[in-house]
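The values are calculated or read from the model by the stated rules, or taken from the named source; none is laboratory data. Computed from a predicted model, the values in this text were never measured in an experiment. In this analysis, Cβ positions are derived from the backbone assuming ideal geometry, glycine residues included, and neighbour counts consider all displayed protein chains. Surface accessibility is based on the protein's heavy atoms, side chains included, excluding ligands, DNA and RNA. Shrake-Rupley method; radii C 1.70, N 1.55, O 1.52, S 1.80 Å.
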Amino acid sequence: MDPVALKIQAMIPAPVNNLNLLNWLPNIVTNTKQNMPSFKIDQNVNDKTRLSFYWTYQSTDSPAYPDGLPIPLTGARPKIVEGTQYRFNVDRTVSPTLVVHVGAGFYRFLNPDSSPAGVLDYDAVKLLGLVGSASNPAGFPNVTNLGVNNAGGAGNYGPNTADHQFTDKLSWVANATYVRGSHTYKTGLELKQDVYSDQNVQGVQGQYSFGNGPTSEPFLQTSSVGGGSIGAGYASFLLGQVANTNVNAPRDTQMRKLNWSLYAQDNWKITRKLSLDYGLRWDFTPMGHEQHYREAEIGINTPNPSAGGIPGGYIFEGDGPGRCNCQFSRSYPFAFGPRLAVAYQIDPKTVLRLGWGITYSGGDSWGYMNGGTPVAGLGINSVTNSTGYGYAVSQFSDGIHYDPSVLYAATLNPGVAPAPGTLSAAPAWAAQFRDPEGGRPARVNQWNLAVQRQITRDMTLEAAYVGNRGAWEEARGLAALNAISPARLQALGLDLTNAATRNLLTAQIGSAAAVAAGFKPPYAGFPSTASVAQSLRPFPEYNDSLAWWFDPTGDSWYDSLQVKFTKRMSHGLDVTSNFTYQKELCLGSNGCAGINDAFNRSENRGLTPSSTPFIWVTAFTYRTPKLTSNRLVRQVVGGWTWGGILRYASGSLIGVPSSRTNLSTYTFNTNTRFNRVPGVPLFLEDPNCHCINPNSNQQILNPAAWVDTPTGTYGQSAAYFNDYRWQRQASESMNFGRTFQIRERMSLNIRAEFFNVFNRLFLPTPSASNPLATATFTSAGVPTGGYGYITNSSGIGGQRNGQLVARFQF
């Protein structure tokens, strides 16, 4: 047993009973105090000028001890935040045809979150014998990945965050409206200055990650047992077998971003029946940057002196010695968005409307915000990672050993990592490559065609086609920066469908098999225990994926038919009903499904995870009339209101199961998915049959509808199929009530509100991750695992509920 691990274990609260589960009752403090005062004043200086001022303040004070662990084990952070906002506006009527508006505002949000006293100032050297912190006192270490679901501990220990943050937003707006003849001209501008400051000591005390690898089996790097894995993170912790260590330098960073927007438009009433709107908007949203450009990234063409000169050295942004004299991502100055709209009255009851425009996203405000110190140079990490599956990087009680000067990179050394004989998990501040075109904002091309028809004096019907096409959306997953491409494997004569090739790729580079096959370490100092696959990566000195940030290669598609029926209040009835039939597709952009194969772009286009093709929403209100001339009957029967909101929609998509072939183990590319078997039904029971009992051994999903891909190959299935959905969604709420007028200025409103008024049962989505999983049951026959089972422990909804509301107004 590791002596430091045993000292930490001794701090864990003792059981309060003899049970194996539920044997500790944490004292969790959750009380919260909030203050939210505000003030507003308006002043009409004269009949042409109006001033207004607004101020608001919000503060939240919460102890926030969600884990209930004692100090210094707790990872909790007291939350004491506050925000202040100021806004000043001037409106001036210059002439009967010219109106001008000018406004300015400032907002500050302060978030001085930190670990409680006794954690960051904990003397780990004296009390634990643990060295390696970048601060004095050392602080309690951050211990993670203990495998709470497998064995032992209560979770992670020590602080995982510790920083002092504030966000400022300064804004100015100005616009003018000028009317001349049949034209209404509008123009305006907006400037926004965003500032984010972060005084961060996260990870300064040292971070130690364990995991089940050191107490697992090497066989499990390519296989799983019973859908799970063997080994226990807590056992690795007790043995002191650390899989990953990290220590950060203290950071004091300020990110800045200035946005510009200009627009001009004209509303032209050409004839009584025809009007035209046209305009142009320009947005300039440069990339946010650190105040002094103290940032770094992986240089994909930069020699790394710590890895024999192969690519992957660090480059540093900004101007001056040791820097690239550049900015990593260029800002895009050509975000011009034209707008055009036409309205034509076909006849007194029918109007045709057409619209088209191009819009741009606001860009990434703070795409990266780490790095930076109060002195010249960069605050960075010292990271070490396991050289192979199951290998410990160090012994816990030995702490972390590194050259302290490396933490601040005073010489801006491109060879910061890795240390000789190790692999490096690139530190968070530089574990990525930023696309040179990353400053280009996402563009959306929008259009619509609508027809409005007045049916009667009180009823209208509108039908519209709406379409969007998105481009230049960020798609990090489409760029596998540190994965082995199929072309690379083919050039080496390696075939992943061959078992011998797969065994060779997972063998150590120093093994007899690798040597016999002619594989050598990619550079001197490459660890001999690393795998052959690791040696073939584009940047073998790093054993993580190296994200490609701001990659503007994502796309999206949206098409819909939207129908709206409106009946304005008459005869006591008011109705609004909307129906939408839509299709949403995406390729790589944020919110899309997981990438199937980053080297085969076309295969990754598919339905968005939130796709809902059919949605029908109806809202109505009916007021009972006051019938007969009898005053008593009129008072008792008339004036009651009955209202409701009814929503019906397609069911949520069920994801296609992930392959069990662990393909990413050999290429570090994304894992693939099962293939769908043509002609085989996806369901054994219709999800909408109202016949599903989650407490029975009834199977809902059909495992025969899926077949795993052959080992070493990528599947062809999309992430989602339109006919693979769970129960249709229905939401029905109604209310009934009346307002009683007591006096002229005094009334009482009483109403009853009911939710899920028809008491519909909603079952949680069944387990759909592994068609090969074996079904398991309790002794009473209640399913507890397997493919397509529905858990009955949580998530079952549908209980009708209601509330009685009374409101007295005077």
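Scan the range 606-654 residue by residue and report those that are open to solvent by 60 Å² or more (accessible area, probe 1.4 Å), under 18 Å from residue 735 (Cβ atoms) and touching a Gly at 6+ places or on another chain (Cβ under 6 Å). Of everything in the range 606-654, those that are open to solvent by 60 Å² or more (accessible area, probe 1.4 Å), under 18 Å from residue 735 (Cβ atoms) and touching a Gly at 6+ places or on another chain (Cβ under 6 Å) turn out to be 622, 623.
Among the strands (runs of 3 or more DSSP E) contained in the range 733-810, which hold 1 or more residues that are free of Cβ contacts under 8 Å to residues at least 12 places away in the same chain, in contact with a Ser or Thr (Cβ under 9 Å, 6 or more places away or on another chain) and within 30 Å of residue 594 (Cα to Cα)?
783-785
Out of curiosity, is residue 121 at pLDDT below 90, assigned to a loop (DSSP other than H, G, I, E, B), open to solvent by 60 Å² or more (accessible area, probe 1.4 Å) and of a type in the set (Asp, Glu)? So residue 121 passes the test. Can you say whether residue 696 is closer than 25 Å to residue 760 by Cβ, of a type outside the set (Lys, Arg) and open to solvent by 50 Å² or more (accessible area, probe 1.4 Å), as far as the supplied structure shows? Criteria not met by residue 696. Of all residues in the range 286-311, exactly one satisfies the criterion of being within 23 Å of residue 198 (Cα to Cα), among the small types (Gly, Ala, Ser) and not in a loop (DSSP other than H, G, I, E, B), namely 296. Within the range 706-732, the set of residues being within 30 Å of residue 490 (Cβ to Cβ) and assigned to a loop (DSSP other than H, G, I, E, B) comprises 708, 709, 710, 711, 712, 713, 714, 715, 716, 717, 718, 719.
Failed condition for residue 533, given (1) open to solvent by 30 Å² or more (accessible area, probe 1.4 Å); (2) not in a loop (DSSP other than H, G, I, E, B), with all others met? Condition not satisfied by residue 533: (1). Per the listing 4, 81, the residue uniquely over 29 Å from residue 188 (Cβ atoms), surrounded by 14 or more Cβ atoms within 10 Å (Cβ to Cβ), modelled with pLDDT under 90 and aliphatic (A, V, I, L, M) is 81. Annotation: of all residues in the range 45-75 being farther than 26 Å from residue 35 by Cα and outside any loop (DSSP other than H, G, I, E, B), the one that is least open to solvent (accessible area, probe 1.4 Å) is 49. Of all residues in the range 667-684, exactly one satisfies the criterion of being open to solvent by 10 Å² or more (accessible area, probe 1.4 Å), assigned to a loop (DSSP other than H, G, I, E, B), at pLDDT 90 or above and touching a Ser or Thr at 6+ places or on another chain (Cβ under 8 Å), namely 668. When restricted to residues that are among the polar types (S, T, N, Q) and without any contact (Cβ under 8 Å) to a residue 40 or more places away in the chain, the range 456-493 contains 2.
Within the range 515-530, track down each residue that is open to solvent by 20 Å² or more (accessible area, probe 1.4 Å), touching a Gly at 6+ places or on another chain (Cβ under 9 Å) and either of a type outside the set (S, T, N, Q) or not in a loop (DSSP other than H, G, I, E, B) (or both).
Correct list: 521, 522, 524, 525.
Out of 629, 664, 577, 650, one residue alone is of a type in the set (Ser, Thr, Tyr), modelled with pLDDT under 95 and within 40 Å of the chain's Cα centre (by Cα). It is 664. Within the span defined as the range 284-291, one or more residues are open to solvent by 60 Å² or more (accessible area, probe 1.4 Å), farther than 25 Å from residue 444 by Cβ and in contact with a Lys or Arg (Cβ under 9 Å, 6 or more places away or on another chain). The single residue among 420, 436, 441, 414 that is open to solvent by 30 Å² or more (accessible area, probe 1.4 Å), part of a loop (DSSP other than H, G, I, E, B), touching a Phe, Trp or Tyr at 6+ places or on another chain (Cβ under 6 Å) and at pLDDT 70 or above turns out to be 414. So is residue 593 in contact with a helix residue (DSSP H, G or I) (Cβ under 9 Å, 6 or more places away or on another chain) and assigned to a helix (DSSP H, G or I) or not? No.
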